[in-house]
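Participant: There's a structure below that I have some questions on.
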Amino acid sequence: MRLKVAAFLALAAGFWLPQLQAGVNVASTRVIYQSKDKEANLGLSNSGDDVPYLVQSWVSPFDNKDQSADEFIITPPLFRLDANNQNILRIIATDTQKLPGDKESLFLLNVKAIPAKSADQQNKNVLQIALKTTIKLFYRPANLQGTLPEAVEKLQWRVDNGKLSVHNPSGFNVVVSELLINNSASKDMPDVIRPGSTVTTGTPLKNSDTLVLSYINEYGSTVKAEPVTPH
């Protein structure tokens, strides 16, 4: 039996238009939901020539990607995206009263695309693979003070029993792209330094070391912060 796999790998989240499958594009690598707004939007497009897709979308907690988050709904949650067409996902906050008002809450926005069979596949045994892309969804309360660049500047880098430790006293999530220690990349930094959290790694560190953090800004671009030394 001859199987044809009608799927392509998703591009990394750092690219501006990460592809779900051939022809299906997501317009951003992150969504920032301002609490004062009624909704946030995410654009999708199918630039393929002839293959429609069934698109399903939902929000999940950052720490439990297999669950659905009660705080948000997405409309339309399920729809057909024809070739050379676009659509807008509307993310609507429905139950955010219990979310903190002094720091960002972090969620995951999931988009899954299932390709339809093309005309030449109708009479063949075809394995259709649905691939999912996941981007970060930041819920930002109106009372949050400061900015993301200021939050990066306020990160407290420390030597803890000879190991690297960092504390984030701000209300912003700092998404890590890379950390250089004396021009060598650290291998065990987390993806995100959460608000109010302290991360202790296994990376050896001395007070004389130079640290350079590259982080992802609100537009999905990588920004290199100024060099610092641990306290």
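The values are calculated or read from the model by the stated rules, or taken from the named source; none is laboratory data. Everything quoted here is computed from the prediction, not taken from an experiment. Every residue, glycine among them, receives a Cβ derived from its backbone with ideal geometry; neighbour counts consider all protein chains shown. Ligands, DNA and RNA are stripped out before the accessible areas are found, and what is left, the full protein with its side chains, is counted by its heavy atoms. Shrake-Rupley method; radii C 1.70, N 1.55, O 1.52, S 1.80 Å.
Participant: Under the rule a/c < 1.5 gives rounded, and otherwise a/b versus b/c splits prolate from oblate, where does the stretch 156-216 land using the Cα gyration tensor?
Facilitator: Note, shape of the stretch 156-216 comes out oblate.
Participant: Kindly state, to the nearest 0.05, the FRET efficiency for S177 paired with R90, given R0 = 35 Å and r defined as their beta-carbon distance.
Facilitator: 0.75
Participant: Now a separate question. May I ask for the distance between the Cα centers of the stretch 159-231 and the stretch 52-89, given as a whole number of Å?
Facilitator: With the stretch 159-231 and the stretch 52-89 each reduced to a Cα centre, they are spaced 32 Å.
Participant: Share of Cα-Cα pairs in the stretch 59-179 beyond 25 Å, in percent?
Facilitator: In whole percent, the long-distance tail amounts to 47.
Participant: Still on this structure: If I model a spin label at N217 and L54 as a point 7 Å from the Cα along the Cα→Cβ vector, what separation in nanometres do I get?
Facilitator: In this crude label model, N217 to L54 measures out at 4.1 nm.
Participant: Tell me which residues come under 5 Å, amide H to amide H, from L131 once H is placed; ignore anything under 5 positions away on its chain.
Facilitator: The answer is A113.
Participant: Under 5 Å between amide H atoms, partner at least 5 residues away or on a different chain: which partners does N85 have, H built in plane at 1.01 Å?
Facilitator: Amide H neighbours of N85: N46.
Participant: Please compute the modelled spin-label separation between T200 and A225, points set 7 Å along Cα→Cβ, answer in nm with one decimal.
Facilitator: 2.0
Participant: Give the accessible surface of the stretch 88-231 per residue, rounded to a whole number of Å², with probe radius 1.4 Å and ligands, DNA and RNA excluded.
Facilitator: 51
Participant: With a point put 7 Å past each Cα toward its Cβ, work out how far D63 is from S208 in nm, to one decimal.
Facilitator: Roughly 4.0 nm, to one decimal.
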